[in-house]
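Here's the structure we're looking at; comments come further down.
Values in this text are rule-based calculations from the coordinates and carry no lab data. These numbers were taken from a predicted model, which means no experiment stands behind them. Glycine also receives a Cβ, built like all others from the backbone with ideal geometry; neighbour counts cover every protein chain displayed.
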Amino acid sequence: MSHRVIVPIGPYHPLQEEPEFFQLYVEGEKVVDIDIIIGYNHRGIEKLAEGKHYDQVPFLVERICGICSSSHPYAYVLAVEDILGGEANVVPERALYIRTIVNELERIHSHLLWLGLAGHFIGYNTVWMWAWKYREPVLDMFEMITGNRNNYAMMKVGGVRRDIKEEDISIVKKMLDELVPAVDMFKGAVMDDPVIQARLKGVGILTKQQAIDWCVVGPTARASGLNIDVRRDDVYGVYDRLNWNVIIEKDGDIFAKTVVRILELYECVSIIRQCLDKMPKGEIDADVKDIPSGEGLGRVEAPRGECLHYVKSDGTNRPVRHKIRAPSFMNVASNKVACIGGTISDATITLAAVDPCYCCTERVAVMRKSDNEKVLNGWDLIKLSQEKTDKIKEGMLNARPQ
Amino acid sequence: MNIKEGIREGLGSKILDWKEHSARRIYFLIDQKDIVEVTKLLFKELGLRFSIATGTDTPEGFEMLYHFSHDNTGQFYSVRVLIKNKEKPEIDSIAPLFPGAEWIEREIWELVGINFKGHPNLKRLLLADDWPEGDYPLRQK
């Protein structure tokens, strides 16, 4: 019988500093099974929302996750506005543009955050530092527009809470101009680097059929060739009035997921620029008073994929049911197929490739350790992953003609 | 043939009530015994994406909404099922059809207390191991 090793990753994820628990079952180099255990971060937000006033819920749901802290409130207000007759019929024009801008800024900062973490995982610590360096101005833009670097408190039923000042527009535009060369650099550094290609191509593959069966969303689905994007399919904000592209890759491996995210950064910048140019003057809030009874669904393309909120109202000032489905809930589960069959040194980057968000998804297991089972910890795993990259680098250096 | 006609024709008399809240938000009611058949048609034959399911405790019984997205048209179909048995709510699991439904059925099972018959791996997803048996947080008390 082959020697089976259990590799526990978590409950503190070595990379993402978030609580989840992957238990990898490994034979030799090969991952043969995986248990995904979530629930460490379950805060009962759906239940809490039932006790809050419609205007308080956005503050609650933006605390589901510090990264998607515009997508969750946005999907929630869309759901409530669905009861009222649809976002386009309720919300003033200018507010639609501001919502779109905040939503896209969020995507830029989230993708840069992931890029940095992925770089660290495979031993490219320079990419890590640079990506996070260029993420800082994005947070500054948030501070300028919303007043906060995180938990922006912008969305409210019927509009937004804060207007964009005219004098800030030129500063934001200049900051976006400065961001593009940085994205160019990442694009070159990732897409033209033979070591990264050798390291990420063909690793952690999620085929198109698997993507359909596991119902994955967002960049994870788009990297597997699924042509889905809520921004285009179920239009909200002003996405239908702007020129932009949905980025699709076919291979389903980690390289494809990286490419999708990097190319999406260009689209985000372009969307924000167009919004700033086209944004009309006017009101930013429709001042909605009562929510009639009924039910509504709101969908937003969060950085990780479709974020869905369902709100049921009985005509009082509180929702009777508020269902939240974060994109990672679907994406994390698909790690089961992406990881199995791969090698242990690829496991860390594969698990990170869906850009999992555990505050969103929501885990518990008892460590089993019998006589012939050995336990490694998370840091051992990152080391294994980084060593593999070093080996590929060395191999390439040695193969180079003298 | 457009997708809406496809669903209406494919399901025929299985649809007990059809409600179009707006062009892209469509709700329809079916009997709980038909859920597997309906899911097969929507997911496998018509190629809709399963987005999520919602379980709600209502005075009439437990309401399940299965949300399916048709991404080409942006139409969002919610299949409504009312489980009238409040003492021992049960419904057939759709997880054997595709793995993407496994987690949400586990979540509804532990939080709302609806049993999914035929689920391949019905165990706790979010709640702690020491959470008391039979205490369902999302039930109305």
Listed residues A:354, A:19, B:26: farthest to the positive end of the dipole of the protein assembly as shown (Cβ charges): A:354
Whole-number Å³ per residue for the convex hull built on Cα positions in the stretch A:239-299: 146 Å³
Farthest positive-ward along the stretch B:3-91 dipole, Cα basis, beta-carbon charges - from B:35, B:74, B:13: B:74
Most positive-pole-ward Cα, A:182, A:206, A:195, against dipole of the stretch A:151-233 from beta carbon charges: A:206
Förster radius 22 Å - calculated FRET efficiency between residue A:293 and residue B:86 (Cβ-Cβ, nearest 0.05): 0.50
Cα-based Rg of chain B normalised by 2.2 N^0.38 Å, two decimals: 1.06
Charge dipole magnitude, Cβ of K and R +1, D and E -1 - the stretch A:160-236, Cα centre, debye nearest 20: 260 debye
For the stretch A:45-329, radius of gyration divided by Kirkwood radius, i.e. Rg to Rh on alpha-carbons: 0.98
Residues with amide H under 5 Å from that of residue B:52, placed H, sequence gap 5 or more: B:67
Principal axis box of the protein assembly as shown, alpha-carbon based, largest edge first, Å: 75, 66, 47
C-alpha center-to-center spacing [the stretch A:287-352, the stretch A:91-123] in angstrom: 17 Å
Extension gain, residue A:281 back to residue A:318 (0.36 nm per residue minus Cα-Cα distance, nm): 10.1 nm
Residue-span extension gain [residue B:140 to residue B:123] - 0.36 nm each, minus C-alpha spacing: 3.9 nm
Ranked A:307, A:65, criterion: other C-beta atoms within 10 Å, fewest first: A:65, A:307
Cα centroid of the stretch A:133-210 to Cα centroid of the stretch A:17-89, whole Å: 21 Å
Modelled FRET efficiency - R0 22 Å, residue A:143 with residue A:184, Cβ distances, 0.05 increments: 0.30
Residue-averaged [θ]222 nm for the protein assembly as shown, counting only DSSP H segments that reach four residues, each worth -39500 (n - 2.57): -12500 deg cm²/dmol
Charge dipole (debye, nearest 20) of the protein assembly as shown; +1 at Cβ of Lys and Arg, -1 at Cβ of Asp and Glu: 280 debye
Gain upon complete extension [residue A:88, residue A:191; 0.36 nm per residue less C-alpha separation]: 33.2 nm
Charge dipole magnitude, Cβ of K and R +1, D and E -1 - the stretch A:45-329, Cα centre, debye nearest 20: 540 debye
FRET efficiency estimate (nearest 0.05) - Cβ-Cβ, residue A:167 to residue A:50, R0 41 angstrom: 0.45
